[in-house]
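The values are calculated or read from the model by the stated rules, or taken from the named source; none is laboratory data. Please read all numbers here as calculations on a predicted model, not as lab measurements. Methodologically, a virtual Cβ is constructed for each residue, glycine included, from the backbone with ideal geometry; neighbour enumeration extends over all protein chains shown. Areas reflect the complete protein model, heavy atoms only, side chains present, ligands, DNA and RNA absent. Shrake-Rupley method; radii C 1.70, N 1.55, O 1.52, S 1.80 Å.
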Number of protein chains: 2
Amino acid sequence: MGHLAVCGTILQTPAPGQLQILPDALVLVDADGVIETVLAPTDSDYAAEKQAAKQSGALVELPAGQCLLPGMIDLHIHAPQWLQLGTGLDVPLEDWLQRYTFPLEAKYADIAFARRSYTSLVSTLLANGTTTGVYFASIHPAATRVLADICLALGQRALVGKVAMDHPDLCPAWYRDASAAEAATETRAFVDYVHSNAGNDSGRVLPVITPRCIPACTDDLLERLGALATETGCHVQTHCSESDWEHDHVLQRHGMTDALSLRRFGLLTRRTVLAHGTFVTDADLDAVGAAGAGFAHCPLSNAYLSDAVFPARRVLDHGVHAGLGTDIAGGHDASILATCRHAVMVSRLLESGVDASLPRGQRGRPGARIEPAEAFWLATAGGGQVLDLPIGLLAPGYRFDALAVEVPGNEFDSGDVGDRFQRIVFNAGREHIRKVWVDGAAVHPA
Amino acid sequence: MGHLAVCGTILQTPAPGQLQILPDALVLVDADGVIETVLAPTDSDYAAEKQAAKQSGALVELPAGQCLLPGMIDLHIHAPQWLQLGTGLDVPLEDWLQRYTFPLEAKYADIAFARRSYTSLVSTLLANGTTTGVYFASIHPAATRVLADICLALGQRALVGKVAMDHPDLCPAWYRDASAAEAATETRAFVDYVHSNAGNDSGRVLPVITPRCIPACTDDLLERLGALATETGCHVQTHCSESDWEHDHVLQRHGMTDALSLRRFGLLTRRTVLAHGTFVTDADLDAVGAAGAGFAHCPLSNAYLSDAVFPARRVLDHGVHAGLGTDIAGGHDASILATCRHAVMVSRLLESGVDASLPRGQRGRPGARIEPAEAFWLATAGGGQVLDLPIGLLAPGYRFDALAVEVPGNEFDSGDVGDRFQRIVFNAGREHIRKVWVDGAAVHPA
């Protein structure tokens, strides 16, 4: 018998666009937070297992009107930018960094400040249903350790990286690594810190090698971090072909696209998360696919900082790994369910086009849309695939990272589970997320 | 001394993009719900008026961290579609009407059903801060009266119309008016019902003449409703150049655009609300501007049903009246603050373009963006201007329709009121709306 048993109707997407409905499923979770089995009411041992769990006090039964979903995976969060959420979206990316973002990130030299901000961020994300967060911290080793500690303490699955950025052309003197060597040494020390943390035996928090973006890093730094990725096998995260400026900058400096340049440095691996990818070429998709790397699609910040929309349909059709990111605070919404809606919305605008003064045939990209069940897959199983972790699906062998969600508009429920799923994707807010588990532990409400 | 006095920091936009901050303002409201005066702490009678209001029990002081905003105005709501919110957005407008929308609207022949649905809708909108709602009901006179009654009972300012639609080519036999004559007669009877309602002495609920859209109406019906608009001076609402299909349909049938055709029928007046307007021409803008009519910009449904983005920047620059609409349920979000964000977002995508495979110069419409303070103006004073009503601003002579809003992220407040305003526009949800007044009466929490 399991450590925890949860009984409720599961809605999830084992493959892009494939909605799976498991009515009144019984999920048995072992003491390590791994799903042992998912039983249907028609299974012979269902009644006995449910009764046994009830007697031992291990059973959680979802009330009518709630559904059980896999936890949300946010592949791209700039943790220190939490305090500028919803502000400063009036200038292009290159100005946004200098005017708003670097000055704010520099403040995380102050540990007490970092602790207060990161505690607010992680607890808010858990309340929003984000069971796994992939974080860029700041350049500061101490504050980055604080972020990892807070994720451990509050129970979130997290991938955390000390940001590495040393290029004097882009990074101001008051906010950059002292040298490529020091940035690499500090990154290495942070990897060791996370791996050796006494509270992290299960590896719920993982370190990520984090070159901010090619324009912010010297080639020396990229080489050192690539070597570190090869040596340690750690995850890697960076930005990739985010905007006209960023994409063109790399083309000019390296004579090739971000993805191909990252590959040269050993930074395009099975565990690499590429944020944005707005301007990816077909050759990039081939390279990213061959490496088994994946994209963090950040649809809201597409509208503010990317100059175009990530071609999610094209990437899915290429079979390249992808998930979703809020891009806090280039995106102003801290919810991955909201990010699903934005992903559907921008895909529809990419499909239809936006400029009514053009003839229909010249306006958009026919067939570019993604459906709600595809956005949901990106937010869950797709994100798990990008990270090479057994998360994003409620199935045997996966971690029990899950949400109990009240279906919006439940008082007028038609009984159609497909409608319920759409209402969750399009309308569920923080108030509908009633319970959140990570690794089988209840982490929200606190 | 007023009937009500509210003290707090006002954030509002008297003109598009012009953010006005009135710290610790004291708003005195008379017994009819009209603002008598707005005093600043530096005004000589501020202290005495505040003290007098306190002694008489009329004073409401906003706690630190809350701001006072004008109420939100939603110019386009399909009330019966409330129950399909967040579902059925997978097909084009013409199919969406036949497959999902008309069958649902037809159910409002059942009064008990209508009462339950409309009560849920209106109370939700009030909780979301919508102090004025402009409603398309269904074709049913009885259910439309129910909607007006519910708005009266729950305290919302509302403009309500019985939908008129009689064209046998678009409207199914089981959901259309029996004849143009009957539709006009029923519209006339509904106007009289609202005007003579004993609970509506102040005229807080107004009737609207509501030809659904040109494709759904015969010319006979459009003529009769135009005559009724001329005779009664009532508001008019209809759809206008919403999508490729709708715009082209009218061009083919009438040899001219929606706006110009509506003008011929006497349906383009100072009190006409044109939903969408996605494909408006410059000649349309001249005609709409000359008539003093206005647009309900519905940015979210632009992405699903309109095939392009409403050119809000161009319309503002033309000086033509405009406000915002949720377009429930062609839009899946029932909040006008969320609609502000969507309006900013789609304007940015119109500006940048969406298709990364095009060169930057061919991708978007430079200069098409609107700023948060312009979206907020559309949601408040702009909507009031469209409706020709003294709402959307907290100033002498205006109705006291207002919200007390907790500023999101307040625990990290920088003290910058501009940042606070942006955080309200980009991040405030239902949980931040603490108190709602219409005509000086507290209507939420109930």
Averaged over its residues, how many other protein chain Cβ atoms are within 10 Å of peptide A:306-317's Cβ atoms? 3
Using a Debye calculation, one point per C-alpha and no hydration shell, please list log10 I(q)/I(0) for the range A:381-437 at q = 0.16, 0.27 Å⁻¹ in order. -0.62, -1.05
In the protein assembly as shown the DSSP beta bridges are antiparallel at a rate, in percent to nearest 5, of 40
Given a 1.4 Å probe, the accessible area of the range B:159-211 per residue, as a whole number of Å², is 38
If the only charges are +1 at each Lys and Arg Cβ and -1 at each Asp and Glu Cβ, what is the size of the charge dipole of the protein assembly as shown around the Cα centre, to the nearest 20 debye? 480
Which angle between 0 and 90 degrees, to the nearest 10, do you get for helix B:111-127 versus the longest principal axis of chain B when only C-alpha atoms count? 40
For the range B:326-364 and the range A:69-102, write down the distance between their C-alpha centroids in whole Å. 19
For a bin width of 5 Å, list the pair-distance distribution of the range A:237-292 built from all Cα-Cα distances, rounded to whole %. 4, 23, 35, 27, 9, 1
I need the inter-copy label distances for residue A:95: point set 7 Å along Cα to C-beta, values in nm with one decimal, smallest first. 4.3
Tell me the angle of helix B:336-352 to the major Cα principal axis of chain B, expressed in degrees between 0 and 90 and rounded to the nearest ten. 70
Quote the total accessible area buried by chains B and A together, excluding ligands, DNA and RNA, probe 1.4 Å, nearest 100 Å². 4300
Roughly speaking, what is the centre-to-centre gap between the range A:161-192 and the range B:216-285 when only Cα atoms are used, to the nearest Å? 61
Rounded to whole angstroms and listed largest first, the alpha-carbon spread of the protein assembly as shown along its three principal axes comes to 82, 73, 58
Using a 10 Å cut-off around each Cβ of peptide A:328-338, what is the average number of partner chain Cβ atoms that fall inside? 2
Residue B:202 label points, 7 Å along Cα→Cβ, one per copy: pairwise distances from this copy to the rest in nm, shortest first? 5.6
The range A:72-387, dipole about Cα centre (Lys/Arg Cβ +1, Asp/Glu Cβ -1), debye to the nearest 20: 740
Based on C-alpha coordinates, I'd like the Rg and Dmax of the range A:72-387, in Å. 18.1, 62
For the charge dipole of the range A:72-387, defined by +1 on Lys and Arg C-beta atoms and -1 on Asp and Glu C-beta atoms about the Cα centroid, which residue among A:267, A:101, A:322 has the Cα displaced farthest towards the positive pole? A:322
Checking a compactness column here: for the range B:189-263, what do you get for Rg(Cα) / (2.2 N^0.38 Å), N being the number of residues? 1.29
How large is log10 of I(q)/I(0) for the range A:95-240 at q = 0.09 Å⁻¹ when the intensity is taken from the Debye formula with one equal scatterer per alpha-carbon? -0.25
Show me the trypsin sites (Lys or Arg not before Pro) within the range A:250-327 that DSSP assigns to loop and that have at most 15 other Cβ atoms within 10 Å of their Cβ. A:270
If you put +1 on each Lys and Arg Cβ and -1 on each Asp and Glu Cβ, how big is the dipole of the range B:109-169 around its Cα centre, in Debye rounded to 20? 260
Rounded D (µm²/s) - the range A:8-120, Kirkwood Rh over Cα pairs, Stokes-Einstein at 10 °C, 1.306 mPa s: 86
What ranking do B:71-82, A:202-213 get when scored by the average of other Cβ atoms within 10 Å per residue, highest first? B:71-82, A:202-213
With contacts defined as alpha carbon pairs under 8 Å and 6 or more residues apart, what's the relative contact order of the range A:204-245 in percent? 53
Contact order relative to length for the range B:72-387, counting C-alpha pairs under 8 Å separated by 6 or more residues, stands in percent at 19
Which of the residue pairs A:54/A:435; A:435/B:435; A:162/A:435; B:50/B:435; A:107/A:162; A:435/B:107 have a Cα-Cα distance greater than 24 Å in the structure shown? A:435/B:435; A:162/A:435; A:435/B:107
Between residue B:95 and residue B:47, how high is the FRET efficiency from 1/(1 + (r/R0)^6) when r is the Cβ-Cβ distance and R₀ = 60 Å? Nearest 0.05. 0.45
Rounded tilt (10° steps) of A:141-154 against the dominant C-alpha axis of chain A: 10
One decimal, nm, shortest first: give the distances between the label point of residue A:430 and those of the same position in the other copies, each label point 7 Å from Cα along Cα→Cβ. 1.4
Shielding by partners, peptide B:85-96 (average Cβ within 10 angstrom, other chains): 4
So for the range B:313-418, considering every pair of alpha-carbon atoms, how many percent are separated by more than 20 Å? 54
